[in-house]
Structures are given as C-alpha cells and as structure tokens.
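Report on one structure; see the data block that follows.
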Amino acid sequence: ELVRGAHYDQRLFDPDVYYAVQDIKRERATRGPRALSQRDAPLLGVIRCGICGQRLQLHRDARGQTYYCCPRPQEGENRHCPGLSKRADAVDSLVAQAIGEMVAAPRLREMVREEASQVLGDHRDRLECRQKELGKTLGELDRQLDDWAAKLTRGVVSEKAFVRINARWEKEREQAEEELTEVERKLEQGDVEDRRIERVMSALDNFEQTWQQMEAPRIRQLLLTMVETMTLEPEDDSGATLRIKCYYMPEVTYHIPHLRNRLGEGDGPLAKLTITDLAFLALRKEGKSIKEIETERGLKPNGGHSQVARIRKRTGIRDLDKVVELAEPLIEQYRPLLPVDRPSAKLTDRPLEPTQRQRKVARLVAQEKTYREVGDELGITEWCVSGHMHKLRKRLGVKRNQEAFMILATQGKLALPSQASSEIAEADPT
C-alpha cells in the first residue's frame, strides 16, 4: 500500500521499498552522520549493533560528548531493535584493551613469529638463488668475451667492433659484480628483512604506545584486517556487552554497565556501587580532596559531598578511605570505563557554532522578512524557519533574534542593513 510523503503530499511511496533502499545505503555507507567525520572515532564502519547488525553511528550531544548509537530505532516502523547509546571513549578504550590482550597472548605471538620466520626464510632463499644466477651470468660474460677475442684473432670481426663489444661487456660485468657484492653482503651481514622478527616483536611489545600514537583512520584499517566481528549488544539494564572476535583467536567479551546502575559485583557493601561512584573513589585513591574532585569532574557546588553521602548510604561504611581500600579491585577491573577525566554535569563553556543553514536563515530574517516569506524563499515551512532561529538563539546563548543578529554581526558572520543595525543598537545599547 502506497503512503503519502511526510513533506510532500502529492508524492506517494512504498514503505517496504523505501526501508529496503535505506538498509542498502546504510550498509554501503562508510561513515556515520554527515556532521561527524571518521576521524572522530576509530570504530566507525567496524563496530555493529549486536541485535540488528547495523553499523553503529556516531552522535554528539550538546556537551560535545560522542556516543555510538544504533540507527535502527530511528527508522519509523522497523523498531524491532531496542537500540543503544554508549560513550565512544569508553568503548574505544575497551577495544584497545582487548586488542592489547590479544597481542600479548602467547598463541598470537608464536603465530607472528612463525610467519615472520617463514617470510625471512623465503627472503634468504631468494637471495641465494640470485647469488647463483649472478655467478652464472659472470661466467657466461667471460665465455662470450673469449669467443669475441678468438673471432678478432681470426679476423672475423674488426678491431673497432671489438672495442665496442668490449666496452659493453665491461659495463655489464661491472653491474653484475656490484649486484653480486650487495647480495653477498646481505647474506653475510643481514639486511632489513633479516631484522623482521625483531621489529615485529618489538612492535608487539610496545603495542600500547603504538596504538595511542596512531590516528583513527589507521586504527580502523588495522581493525578491518584483524577483527572478524565486533558487536555492541544492548542489555535490559541499560548496559551493553562488547564482543570482539579476531581471526584465529577466541572471542573476548566485556560488560559495559550503565553509569547510574549498580554493578551488582563485589562482596557485601560494594554490590550497590555504580561506575560514577568508582570514578569518585578512584580520584580519592589518588589523594585528591573532595573539593579537587568536584573541580576535576565538573560537579555542582557541594556535589562532591552529595556523592560521598550516596557512597556511604550504598555501602553502609562511614570511613571513605576504607571504602576506597575495599573497592580497589573493582576500580582496576572497570578502569577503562571510569569517567575520571570527563566532566560529569558541566556544560561546555564554549558556545556551539551556528550552522551554515542557520546563518542563511538569520540573514533573511534580518532583512525584516517574515518567517513565511523566508520559508517560501528557501522552500521550507515557516515552522522550520522558527526551529532554525530557536536553535540559533540556543547556540549563541540569547533569547531574542536581535541579540543573535548583533552577535553574528560582531563576529563578521552577518551583514546587517543600516536601518536594522540602528534599530538593534537602540533596542540593545550594549
């Protein structure tokens, strides 16, 4: 059954065909939403939803924090996937930890060593074969020179022709001798390929440093070559399960709990602690005061004391240092997930930049056109124009259009008419 379009009533479409086309486009896509580049996260195109199999997209909230999200719940009728949303930095750190553990596994190291040894053996075999070929080439050149000398003696060739042949022979022999010397040197002293095993094993030993120095596109290419499947599966308690299966290696599983849901692990009083509590205790373990933790986590005034009260209530222990000592194993277990260096509730002080579309709408509205006139000119509804202006005011942190126009004009992003500029100046002398 055909359905009328949401924006154009005169257009009809088949929902089944539409969603099938969207699935194909999403499957072939190499990145998430257009607003975010692949450089924002190394797992785009590699990690998928564990329920529906769709590639996860990268979304950014008002604080600038990025999340891996499943696109399936956004598709209207096809809502069989409950969806998920997990912080990108937490997932990235767990993936790096998993790959590091796999690299450190004795089985993988032995496989790498065997492969490097095989490549090295093949390389030395090629050098020895080349050495024999060059020896035969030199012998053949000497035999040819003797033949031409005999022909010169019998008068078959002239002396002038023999000089040309001798010059060419000397050049060819010199090249063969230089190549043979280089091959013998490589066989005796070794070359770059001879140190292949040492270089590979050194890279494995320093994998953590190498991973941190690599950019997102290079990490993505590395994962595509070694990871068979990588999924993030949502759970009923708002948590998620990260599953990574590399070629020739067993599957690795990590549990990513929700920040505010209790872990349910540990003995006795620690079972009710959350990731947020562990982050607070981890900073406390480093010797920081409650005030310092408030500043580092971006908590509201007296938010640190409120967090301490919640920890005491959940554990039943008054001594905070004792709780830190008991929770030390949990802190190490969930170390990649602890938001110790991320603001908790503090919004970014830098206002978001207005988009190109919002600036275009603002330029037309500043020309004293109504929302309907602007919508007709841009081919959108007046409600879309109102929405663009609302988002623009929110990004600039103002409540009136005139204030937004003044800010854009001050930044050189909007040229105001002289009359409009005088009216704005009268309305807002500052």
*Can you tell me how much longer the chain between L120 and E182 gets when fully stretched, taken as 0.36 nm per residue apart minus their C-alpha distance, in nm with one decimal?*
20.6 nm
*Note down the nm distance, to one decimal, between modelled labels 7 Å out along Cα→Cβ at L141 and at Q97.*
6.3 nm
*How big is the accessible area of S289 in square angstrom, nearest 10, if you roll a 1.4 angstrom probe over the protein chains?*
50 Å²
*What do you reckon, how do F162, F13, F405 stack up by accessible area (1.4 Å probe), largest on top?*
F13, F162, F405
*Kindly sort Y334, Y67, Y18, Y254 by accessible area of their heavy atoms, largest first, with the probe set to 1.4 Å.*
Y18, Y67, Y254, Y334
*Would you list K413, K160 from the most to the least accessible area, probe 1.4 Å?*
K160, K413
*In nm, to one decimal, how far is the K160 label point from the E377 one, both placed 7 Å along Cα→Cβ?*
8.8 nm
*With a 1.4 Å probe and every protein chain kept in, tell me what percent of the accessible surface of region 206-324 is carbon plus sulfur.*
46 percent
*Given 4 °C and 1.567 mPa s, how large is the Stokes-Einstein diffusion coefficient of region 202-245 in µm²/s, with Rh as the Kirkwood radius over Cα pairs?*
104 µm²/s
*What accessible surface, in Å², does a 1.4 Å probe find on H388, ignoring ligands, DNA and RNA and rounding to the nearest 10?*
50 Å²
*Surface per residue (accessible, 1.4 Å probe) for region 123-181, Å²*: 75 Å²
*asked:* Using a 1.4 Å probe on the protein heavy atoms only, what accessible surface does D319 show? Give it in Å² to the nearest 10.
replied: 80 Å²
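The values are calculated or read from the model by the stated rules, or taken from the named source; none is laboratory data. All values derive from a computational prediction rather than experimental measurement. So basically every Cβ, Gly included, is an ideal-geometry build from the backbone, and we count neighbours across all protein chains shown. Just so you know, the surface numbers come from the protein's heavy atoms only, side chains and all, with ligands and any DNA or RNA stripped out. Shrake-Rupley method; radii C 1.70, N 1.55, O 1.52, S 1.80 Å.
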